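Below: one structure, written as structure tokens.
The values are calculated or read from the model by the stated rules, or taken from the named source; none is laboratory data. In this text the structure is predicted, and so the values were computed from the model without any measurement. Cβ: placed from backbone, ideal geometry, glycine included. Neighbour counts: every protein chain shown.
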Amino acid sequence: MRPPEVAVAALLLVAAAAVAAAAAAAESAAPLPAALRLQRAVPHQGVPLEELRRRDAARHRVSRRRLLGGVAGVVDFPVEGSANPYMVGLYFTRVKLGNPAKEFFVQIDTGSDILWVTCSPCTGCPTSSGLNIQLESFNPDSSSTASRITCSDDRCTAGFQTGEAICQTSNSQSSPCGYTFTYGDGSGTSGYYVSDTMFFETVMGNEQTANSSASIVFGCSNSQSGDLTKADRAVDGIFGFGQHQLSVISQLNSLGVSPKVFSHCLKGSDNGGGILVLGEIVEPGLVYTPLVPSQPHYNLNLESIAVNGQKLPIDSSLFTTSNTQGTIVDSGTTLAYLADGAYDPFVSAIAAAVSPSVRSLVSKGSQCFITSSSVDSSFPTVTLYFMGGVAMSVKPENYLLQQASVDNSVLWCIGWQRNQGQEITILGDLVLKDKIFVYDLANMRMGWADYDCKPLILLNQSGCSLVLRYRHLSPPFPCHSIGPISLWLTLSLGRFNVGERDDVIREEPVREHWAVRRERLRTARILQELDTSRDRHHACAYAHFRHWLT
């Protein structure tokens with residue numbers, strides 16, 4: 001057997017060769033990582049189920065209209081419910097638009113397509129927010145790089161075909177390309193499209209931050225009505241990640257900035273936490289199932305449901321995708337909703353499988369349980385089976401919501417709701433949390449894997465996003481400049497103070513293996529040699545290599 005120092009030297013030679021090859025490939029790499037901070041507006045626990053249902057009801061009324069062939073539009077802005085900041089959407093973040101750049105708070109939404117922000121002048125648009133954020137408005141005349149999209153523009157034509165743009169027949173071809181999004185209770189927003197620069201903050205190899213940018217088309221809202229005029233839940237706009245041509249992900253792909261793939265990993269705690277990545281993720285545990293084509297939402301072919309390994313007696317035709325039914329993945333929905341015919345078998349199976357020490361009861365129309373034990377040990381695991389035999393494991397935390405606690409006992413209620421009178425199943429944030437989800441639009445498929453999103457990501461100072469696996473040395477995602485990822489938008493969903501800036505999203509430290517520690521001094525000299533030739537393109541590979549050796 002080789003002595004340790006010889007083995008390490010051999011490893012270094014192989015790794016150095018890999019570094020050189022990766023650095024050469026990185027010469028044509030796309031922009032370095034971009035980081036945005038995102039705040040969670042709806043906690044998972046403690047909010048009454050009826051409030052969460054009201055919030056989702058407003059969204060789903062418009063979603064059903066889209067499913068049935070109505071005009072496409074923004075569907076993730078609340079238009080009914082109490083004057084409660086929880087009722088705004090799930091996640092919002094800051095984006096920079098225009099020249100000079102200006103920051104806007106926008107809601108992240110995979111259920112809509114368009115990025116739009118409030119513009120000035122604006123009729124009915126709120127000027128303050130109950131979310132403790134400073135609202136802004138965009139003025140195209142104040143940006144040196146802004147231009148209005150006209151009806152003759154091909155991008156307007158593309159939006160017109162999908163119902164996301166309007167041009168009156170009496171208008172000339174030089175008239176502004178407009179839009180109108182109307183909600184179920186009559187509230188709505190309208191405006192026109194502009195083209196301007198979006199800036200992404202990047203971390204460079206010289207330990208400095210810099211801006212990269214892309215010219216995109218987005219909506220300029222000059223009128224809001226109904227509940228959208230209320231300040232208690234106001235943000236500056238919506239950042240849609242849908243599939244149509246005017247979505248940001250589609251535009252960046254057409255510009256060659258990023259592949260038509262994005263991913264998210266949403267932290268399950270009340271404080272939020274996680275990332276949203278524009279680009280491809282390489283994770284060995286990912287499984288994929290086809291996306292249903294020609295749908296306005298992200299639809300999957302759900303085939304069956306099992307509780308503790310026993311498939312439920314549900315007619316599989318209830319899940320078949322059509323104009324009136326199907327299974328939708330939607331990060332903007334708070335809970336989860338089962339097709340009407342699948343709900344009773346699901347709840348009955350859960351109630352029958354709980355530990356004998358768990359007390360069952362019905363509270364405000366929901367099946368609930370009281371227990372002093374861990375839910376993992378007291379409740380069954382649910383498995384969803386999709387086309388191709390692909391399984392999604394759903395732990396108790398992904399179908400239960402904590403509603404109250406007294407002494408050592410906790411009241412848990414099933415957070416999956418009956419979709420009354422509808423055979424539409426919606427997998428919302430409750431199901432999606434603590435998993436990586438990949439929306440591979442280029443190959444029309446969706447993938448997922450269980451993942452601990454808590455200590456999620458470190459934007460290291462060498463110009464790459466290095467995501468460390470919690471309590472493991474193996475990083476699940478490749479460094480940006482040595483993998484196929486074109487652009488990272490890392491979205492920290494944790495609690496933050498408005499105005500604070502921090503270029504590093506830190507995770508819990510990973511304990512070094514003692515054997516690696518022992519070899520640290522032996523590798524110092526070679527690492528020093530590698531460092532002497534560091535530059536922007538080599539930095540990511542070196543940092544990746546350093547992580548393994550130090």
(request) Scan region 250-262 for residues that are touching a Phe, Trp or Tyr at 6+ places or on another chain (Cβ under 8 Å) and either modelled with pLDDT under 75 or surrounded by fewer than 24 Cβ atoms within 10 Å (Cβ to Cβ) (or both) and jot them down. (result) 261
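Could you tell me which of the residues 132, 84 is at positive phi and at pLDDT below 90? Please lay out each step first, then the result.
Values: 84 fails: at positive phi.
Going through 132, 84 in turn, the sole match is 132.
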(request) Answer yes or no: is there a residue in region 292-304 that is among the aromatic types (Phe, Trp, Tyr), over 21 Å from residue 449 (Cα atoms) and either touching a residue at least 12 places away in the same chain (Cβ under 8 Å) or outside the structural domain of residue 380 (by TED's automatic domain parsing) (or both). (result) no
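Taking the conditions exactly as written (in contact with a strand residue (DSSP E or B) (Cβ under 6 Å, 6 or more places away or on another chain), among the hydrophobic types (A, V, I, L, M, F, W, C) and at pLDDT 90 or above), does residue 278 satisfy them or not?
Details: in contact with a strand residue (DSSP E or B) (Cβ under 6 Å, 6 or more places away or on another chain): yes; among the hydrophobic types (A, V, I, L, M, F, W, C): yes; at pLDDT 90 or above: no.
Criteria not met by residue 278.
Can you list the strands (runs of 3 or more DSSP E) found entirely within region 290-343 that contain at least 3 residues being more than 23 Å from residue 246 (Cβ to Cβ)? Explain how you work it out, then say what you get.
Details: elements: 298-300, 302-307, 325-329, 336-339.
Here the list reads 302-307, 325-329, 336-339.
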(message) What's the total number of residues in region 234-253 that are closer than 25 Å to residue 129 by Cβ and outside any loop (DSSP other than H, G, I, E, B)?
(response) 5
(request) Considering (1) part of a loop (DSSP other than H, G, I, E, B); (2) over 22 Å from residue 162 (Cα atoms); (3) not polar (S, T, N, Q), say which one residue 264 fails and leave the rest. (result) (1)
(message) Checking the condition out of contact with any Leu (no Cβ under 7 Å at 6 or more places or on another chain), crowded, with 19+ Cβ neighbours inside 10 Å and assigned by TED's automatic domain parsing to the domain that holds residue 438, which residue from 332, 326, 268 passes?
(response) 326
(request) Can you confirm whether region 218-232 contains a residue that is of a type in the set (Lys, Arg), buried (at least 23 other Cβ atoms within 10 Å of the Cβ) and either free of Cβ contacts under 8 Å to residues at least 40 places away in the same chain or farther than 20 Å from residue 147 by Cα (or both)? (result) no
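Just give me the residues in region 134-161 being aliphatic (A, V, I, L, M) and under 12 Å from residue 195 (Cβ atoms), in sequence order.
To start, the set of residues in region 134-161 that are aliphatic (A, V, I, L, M) comprises 135, 146, 149, 158.
Within region 134-161, 146, 149 meet the criteria.
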